[in-house]
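These notes are about the structure you will find just below.
The values are calculated or read from the model by the stated rules, or taken from the named source; none is laboratory data. None of the values given here were measured: they were computed from a predicted structure. Cβ placement follows ideal geometry from the backbone for every residue including glycine, while neighbour counts extend to all protein chains displayed. Protein only, heavy atoms only, side chains kept; ligands, DNA and RNA dropped before computing areas. Shrake-Rupley method; radii C 1.70, N 1.55, O 1.52, S 1.80 Å.
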Amino acid sequence: MADSLYRAPEAGALRIEPLGDLTAIFDRRSMQTHLVVAPMPEIIAAMGDTPCDAGALAERLAAMFDLADAGDDDVAAVLRERLAELAALGLAAAA
């Protein structure tokens, strides 16, 4: 079974402000502010303009942060969960 594809909101839809260990994400579309921790802001940044699944996202994050083992099944499983959480918050959408 193939992973679901997700896409980040269009450019300018979110205002992302680091606040120490937390990050405030203001969604201009819903007028809601979300307080999140890593790796949520990094995931949104890695999603970019192109829809991606957990595997592609793992590769993008590995490239951004010079990480190994991006193809690890555990990494993909965690990213699937984070993508679903972002979608539930309205900070990502199924493509």
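Descriptive notes on the structure:
- In this rough spin-label picture, where each label sits 7 Å from Cα along the Cβ direction, the Gln32-Asp74 distance is 3.2 nm.
- The chain: relative contact order as a whole-number percent, Cα under 8 Å and 6+ apart: 33
- Extension gain for the segment Leu22 to Glu10, taken as residue separation times 0.36 nm less the Cα-Cα distance, is 2.1 nm to one decimal.
- If the segment from Asp3 to Glu81 were pulled out straight at 0.36 nm per residue, it would be longer than the present Cα-Cα gap by 26.9 nm.
- Between the C-alpha center of the range 74-95 and that of the range 1-51 there is a gap of 10 Å.
- The residues of the range 1-72 have, on average, 63 Å² of accessible surface per residue, using a 1.4 Å probe with all protein chains present.
- Diffusion coefficient, µm² s⁻¹, Stokes-Einstein with Kirkwood Rh over alpha-carbon pairs of the range 1-63 at 25 °C and 0.890 mPa s: 196
- By accessible area, using a 1.4 Å probe on protein heavy atoms only, the chain has 55% of its surface on carbon and sulfur.
- Between 0 and 90 degrees, the angle of helix 73-89 with respect to the longest Cα principal axis of the chain falls at about 20 degrees.
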